[in-house]
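Peer 1: Quick one: this structure, given as structure tokens, is what I'll be asking you about.
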């Protein structure tokens, strides 16, 4: 196989340079532009360009290479060069790493041709005399002729490359590897261009008519050609062979050097079982090499080494050798083999060890400072593993007291040789199943068929490729402490071939939580959702918080029951908590050994999440924000299911149709949809944006998805999405070891209750925190914080609802009817409706006045339009509406209602004394402002969105993928619960329920 010489692109790559190149030709100078003519005079011609010169020819070069060794034992290349002036010179280089030496005998490049000058323009003709009563008019003068353009010149030819001769002794043929030569011919110069002729002058004006236009000058007419490329030179290598008695002194000549090409090689493991396992040797053998150059390879054997790496340990001094003097196109197979030792992994924990890495070897020149031959290198991917592994471990992550559970796993022989004491290799295989004694597990759990907390099993024989299933039963005592975690280790040992020594090849950790059963309470205000990672400390902290609220709550463990389906009838337990608070611990956890981790959101299908939210259930996750929870919130907010769209003709009909279809109906489970055939021109995004703007105007607190029909892109579909007022929240929780929640969690948990239920809790408890404490008075922190948290959560929700209602409000706008406002401001009207029709005491008057002040502050008018003009502004109309509602409320429950309304308007408008709700939360609840801004994410704020066809298809695919994974997870959970847990975890429902 012929290989072209390597021509470098830049000298900076090379450590040494011997240069006999030709000089580049000079470029032709461009001609000068002619001067324009005077009145009626011709323009002067452009001048001709000067000739470009040819590139110089390179000159012959003779270089004799030799090796010099100094006291530092480093090899240097010495070159005796005969320069073009026939003056000998000597150069010496100490090469580092991959440094190169360039012998350059390249022809000079030809100069570019010059451009001819343009001719000057002719002068304008003289004007004639106008006629009058005393004389006749004269004709205007003619314009001058334009000057001729100058001639350009052709490009210069490139110079020829020269002859390079390299002399080297037979023993120094390895010195040719860093040598490169460049004998290319020079590049011909580009041709110049001829100049353009000047324009003829314009005629002069006269009494008897204008003169004639001047004649334009001629363009330059030289024949221009690009320069020719120079002829390449050539190189020859002369090798002085060792003299012998029979042949005497000899000289061999070659036109290219040798090149090593790796053809193939094999990689085998030490015990020939097809597995590259830690601790054993890996061998590289049957290395086949071809000389694809034009001369024999060096007369010395060249060593090959394995490259040490993170996974391979090499042995100093162990090498294979490329044999000397491989002839041109010759192929050899190296008899020696290379070896390296596979290192052990740092810790054999978790899944079966499997590491994909590369093993690499290269050749180096020992007499040239260990220089690596760049053209020769062997690499191959290698998968490191053990021949045996534990696969498919299955167990229940959470169990009830008084339960027997089985843990099942499969041990697989992945090699081509049998394992076990009775196998040919006599490699022992055994595992130990043991509990963590540091947790005092003996009081809660017992490992059957073992010594209380430990069991050892030896495998006598396991055939190649065979698998064997093992089961271990664990008994959970009836006295086991709930929400306590127990850890079991499954340790797999493998003996070394024909050795009593054994290695730990895998350690699996099986974590089990002792849980408590679900007890249904119809009066519960909250459902607390926990999982197998929930700790005793977290449960105590949450219990303390609910106790402070003086409310009942239920607890459901998704890891215990494999989701939210009740074991009694398969119904989803969440259906019992519409309109209540739903609090979920949001950390990730293992879910019945499915790939990856899950969280509680993954257990709630988006369609059920949509239904819960639309039935007044506020959803709160306790834990750090995560991509999986955010993705679930988007899937709930923008559902990919719903009723078939109702067809309409216009955007206005769509608005009316959505209302009629039940857009504002409480308790919607199926999103309503509408469609219309667009009659306007323009792309989909433009038409959809107009529809979105109209929907925002008519339904300011609703969300929609707008997308093209999959059947007809001209049909726009509008699908109802989760209203803006529905709350999906997340609050970063305390650590697993925290025994109490902070006040930020208190307000977040309180906010998960519907606003009417919050008012019921507030009315039912003593609330000294709502009053200004006097000197000497005392009260518990809980007594102070809980009422404050409820009050502030209500203010926060009302302000948020009003702010969203005003967001990007169009002009003009008005609230058509009171009923329309009732539909939009759901939280405000739920708050008003929660107050009993009875006179207010002083404490409750103070409470309602503070809340109403924030409501009016949210509609404080600003700007010339809202304050002076007022007409058509949504905030102005909303302020009037709210004032009327507040007036009706206060006059019906207090004797001085009108006076209180006046006080409210003054209080809400006082910029200096009014305290923002965020500042009240940070002060009253002692929550740092940074925590309030970052730790509590209140609701998912994205508004309606427009999807193009591709985005809609992607959303559908994500919805289907989530549904498929949910079904797979549910199936895996039910299999383990029914097959490996006895009895199946039950629930407790009082008879009265």
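Bear in mind these aren't lab numbers, they're just calculated from the coordinates by the rules spelled out. Not measured: the values here are computed from a predicted model. Methodologically, a virtual Cβ is constructed for each residue, glycine included, from the backbone with ideal geometry; neighbour enumeration extends over all protein chains shown.
Peer 1: Taking 0.36 nm per intervening residue step and subtracting the Cα-Cα distance, what contour gain separates residue 685 from residue 975 on full extension?
Peer 2: Details: separation 290, 0.36 × 290 = 104.40 nm, distance 4.77 nm.
Answer, rounded to one decimal: 99.6 nm.
Peer 1: Please rank 553, 461, fewest neighbouring Cβ atoms within 10 Å first, as an exposure proxy.
Peer 2: Ranking 553, 461 by Cβ neighbours within 10 Å, fewest first, gives 461, 553.
Peer 1: Right, something else. For a quick check: sort 888, 630 by the number of other beta carbons within 10 angstrom, fewest at the front.
Peer 2: Working: 888 12, 630 15.
Placing the least packed residue first, the sequence is 888, 630.
Peer 1: Kindly give Rg over Rh for segment 335-455, based on alpha-carbon atoms, with the Kirkwood expression for the hydrodynamic radius.
Peer 2: 1.18
Peer 1: Report, in degrees rounded to the nearest 10, the 0 to 90 angle that the Cα long axis of helix 949-980 makes with the longest principal axis of the chain.
Peer 2: Tilt relative to the chain: about 60 degrees.
Peer 1: Now a separate question. What fraction, in whole percent, of alpha-carbon pairs in segment 555-668 exceed 25 Å separation?
Peer 2: The answer is 33 percent, as a whole percent.
Peer 1: Continuing with this model, one more query. Tell me the Rg and the Dmax, in Å, that the Cα atoms of segment 271-325 produce.
Peer 2: Taking only Cα atoms of segment 271-325, I get Rg and Dmax of 15.0, 44 Å.
Peer 1: For the pair residue 15/residue 343, report the inter-label distance in nm, with labels modelled 7 Å from Cα in the Cβ direction.
Peer 2: Between residue 15 and residue 343, the simple spin-label model gives 3.0 nm.
Peer 1: With each run of n ≥ 4 DSSP H residues scored as -39500 (n - 2.57), what mean residue ellipticity at 222 nm is computed for the chain after dividing by its residue count and rounding to the nearest 500 deg cm²/dmol?
Peer 2: -7000 deg cm²/dmol
Peer 1: Ok, one more. Can you check how the C-alpha radius of gyration of segment 258-385 compares to 2.2 N^0.38 Å, as a plain ratio?
Peer 2: Against the compact-globule rule of thumb, the ratio is 1.16.
Peer 1: I would also like to ask the following. Find the eigenvalues of the gyration tensor of the Cα atoms of segment 222-291, then list the square roots of 5 times those eigenvalues as equivalent ellipsoid semi-axes, largest first, in whole angstrom. Display every interim value, and only then the final one.
Peer 2: Details: eigenvalues 484, 175, 11 Å².
Each semi-axis is √(5λ); the values are 49, 30, 7 Å.
Peer 1: Viscosity 0.692 mPa s, temperature 37 °C: Stokes-Einstein D of segment 609-737 from its Kirkwood Cα radius, in µm² per second?
Peer 2: For the chosen part, D equals 206 µm²/s.
Peer 1: What's the angle, to the nearest 10 degrees (0 to 90), between helix 755-764's Cα axis and the longest principal axis of the chain?
Peer 2: 40
Peer 1: Binning at 5 angstrom from zero up to the longest distance, how are the C-alpha pair distances of segment 388-512 distributed in percent?
Peer 2: 2, 11, 21, 21, 15, 12, 8, 6, 3, 1
Peer 1: When the gyration tensor of segment 646-721 is built from Cα positions, what are the square roots of 5 times its three eigenvalues, in whole Å, from largest to smallest?
Peer 2: Three semi-axes, in Å: 20, 13, 11.
Peer 1: Can you give the angle from 0 to 90° between the axis of helix 536-549 and the longest principal axis of the chain, with both taken from C-alpha atoms, to the nearest 10?
Peer 2: 50
Peer 1: Quick one: if you stick a label point 7 Å off each Cα along the C-beta vector at residue 263 and residue 448, how many nm between them?
Peer 2: 6.4
Peer 1: Here's a follow-up. Computed FRET efficiency, Cβ-Cβ of residue 958 and residue 332, R0 60 Å: what is it to the nearest 0.05? Working shown, then result.
Peer 2: Values: r = 58 Å, r/R0 = 0.96.
Given R0 = 60 Å and the Cβ-Cβ separation, E is 0.55.
Peer 1: Go through 567-577, 360-370 and give me the packing order, highest mean Cβ count within 10 Å leading.
Peer 2: The most tightly packed comes first, giving 360-370, 567-577.
Peer 1: On to the next question. Bins of 10 Å, beginning at zero and ending with the bin holding the largest distance: percent of Cα pairs per bin for segment 883-971, please.
Peer 2: That works out to 12, 17, 20, 20, 16, 14, 1, in percent per bin.
Peer 1: Residue 918 to residue 572: FRET efficiency via 1/(1 + (r/R0)^6), r the Cβ-Cβ distance, R0 35 Å, to the nearest 0.05?
Peer 2: My answer for the efficiency is 0.40.
Peer 1: Okay, next question. Taking 7 Å along the Cα-to-C-beta vector as the label spot, tell me the residue 270-residue 426 distance in nanometres, rounded to one decimal.
Peer 2: Spacing of the two 7 Å Cα→Cβ label points: 1.8 nm.
Peer 1: Can you compute the FRET efficiency between residue 374 and residue 808 using 1/(1 + (r/R0)^6), with r the Cβ-Cβ distance and R0 = 41 Å? Round to the nearest 0.05. Could the numbers behind the result be given before it?
Peer 2: On the way: r = 64 Å, r/R0 = 1.56.
Plugging the Cβ-Cβ distance into 1/(1 + (r/R0)^6) gives 0.05.
Peer 1: Pull out the extension gain between residue 547 and residue 951, defined as 0.36 nm times the separation in residues minus the alpha carbon to alpha carbon distance; nm, one decimal.
Peer 2: Stretched out fully, the residue 547 to residue 951 stretch lengthens by 140.8 nm.
Peer 1: Can I ask one more? How much length is gained on full extension from residue 934 to residue 838, taking 0.36 nm per residue of separation minus their Cα-Cα distance?
Peer 2: 30.5 nm
Peer 1: Once Rh for the chain is found with the Kirkwood sum over Cα pairs, what is the Stokes-Einstein diffusion coefficient at 25 °C and 0.890 mPa s, in µm²/s? Show your work: numbers first, answer last.
Peer 2: On the way: Rh = 38.7 Å.
In µm²/s, the coefficient rounds to 63.
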